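Written out below as structure tokens is the structure these notes cover.
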Amino acid sequence: MQMFDYQGSAEYAVKYMNGVVKGIENLINVRADQIKSGELEKTPVLTIGKMTLYRYTPLVEESALQETPMLITYAMVNKQYMMDLQPDRSVIKAFLEKGIDTYIIDWGYPAKEDMYITLEDVIEWYMDDCVEYIRKASGKEQITLLGVCQGGTFSAIYTAIHQDKIKNFVSMVTPIDFSIEDGLLFKWSRYYSIDKMVDAYGNVPADLMNTTFVLLKPFELLIDKYVGFGAGMSDPEYLQNFLRTENWIFDSPDQTGELLREFVNDLYVDNKLMKGELVIGGKEVKLENITCPLLVICAKYDHLVPPSSTKPLLEAVSSTDKDFHMFDVGHVGIYISPNSKNEIAPIIGDWIVERS
């Protein structure tokens, strides 16, 4: 029978508590400017309603910029500055260092008057206006489109309709096949009364959405994470990075009601995108219409968008130039893990540069 090591356990408890005491001191002294995100300089170039299109200030001479500009379309559930969250792990910075002329959409914070915005509005108004602005500003007929999570789904739909405007398509942790059984979110959504929720709230509150995401992994996100925080907060750098991430997680916009209703019913429930049954503005959305070079990125331990939902895009398109990379990280780890800037972003950046 194995004996419990009371002495070792007690020593660990003392060490843990000493770390917590030091961590509390660090927490008291941390300054707001030490946990700021989105430090890279960018300029607003287009505003439509609550949406703003930003262009990042290049980190190379204008003459050294890659020929094809890039638009990043992020999800609406969280804020896009996750890709520039920490100075030493900024995915955006890695792109800029390679001379990629980078634009990003900030969807803003929807208000009551935005509750009737639809998926057609997002694709054919907001996104298309952004693409048209970049084409005109750069003088290029085609751009690179990089879509993240839900923004990747938007981007797949957009490219399928407007393939003539897209030179390269990068899909990052993007849900495409919504019929999978791997993720709880996909299972729940089929039985979720999204119609009643939208009818009751109009725009669905961010706190309600965040609660849903936490319940996907309650032990890890409600207990384990904060036990780890207590153990690591004695390190000022760890503390600052933790607070940046927490600030991002809870800086969540409300979700536009009609758009969320469509997204859940048409995609999560009916899987219309994968089936080729989705119609946007009278146009049939066929993934087979995508013929441009395609890069699919997924996260092996992604509990929100499992690889099994992302990978089917590779077979659904008609592209002949297709690449796939899966990294040993989770959904958020793609952007903030130690190898996000040094490994993941360079792979994506090199792929884009080769095709620019």
Task: Where a residue in the range 55-82 is in contact (Cβ under 8 Å) with a residue 24 or more places away in the chain and its partner, wherever it lies, is hydroxyl-bearing (Ser, Thr, Tyr) and part of a helix (DSSP H, G or I), with Cβ under 7 Å and at least six apart - done: Pro69/Ser138; Thr73/Ser155; Met82/Tyr335
Task: Sole exception among (1) under 26 Å from Phe169 (Cα atoms); (2) in contact with an Asp or Glu (Cβ under 9 Å, 6 or more places away or on another chain); (3) assigned to a loop (DSSP other than H, G, I, E, B); (4) not β-branched (Val, Ile, Thr) for Leu313, by number - done: (3)
Task: Total residues in the range 181-204, condition at pLDDT 90 or above, of a type outside the set (A, V, I, L, M) and loosely packed, with under 15 Cβ neighbours inside 10 Å - done: 3
Task: Residue count for the range 258-302, restricted to those that are within 22 Å of the chain's Cα centre (by Cα) and of a type in the set (Val, Ile, Thr) - done: 5
TODO: Specify which of the listed residues (Glu237, Glu220) is exposed (fewer than 15 other Cβ atoms within 10 Å of the Cβ), over 21 Å from His303 (Cα atoms) and not aromatic (Phe, Trp, Tyr).
DONE: Glu237
Task: Filter result for the condition that a residue is surrounded by fewer than 23 Cβ atoms within 10 Å (Cβ to Cβ) and outside any helix (DSSP H, G or I), over Tyr126, Tyr103, Tyr109 - done: Tyr109
Open item on the list: So in the range 177-207, with the set limited to residues that are among the hydrophobic types (A, V, I, L, M, F, W, C) and in contact with a strand residue (DSSP E or B) (Cβ under 9 Å, 6 or more places away or on another chain), which one is farthest from Tyr116 (Cα to Cα)?
Closed with: Ala206
TODO: For Ser319, state whether it is in a loop (DSSP other than H, G, I, E, B) and modelled with pLDDT of 95 or more.
DONE: yes
Open item on the list: Going through Ser9, Ser63, Ser90 one at a time, which residue ends up being closer than 23 Å to Glu343 by Cα and modelled with pLDDT under 95?
Closed with: Ser90
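The values are calculated or read from the model by the stated rules, or taken from the named source; none is laboratory data. Note that the structure is predicted; figures quoted are calculated from it, not measured. Every residue, glycine among them, receives a Cβ derived from its backbone with ideal geometry; neighbour counts consider all protein chains shown.
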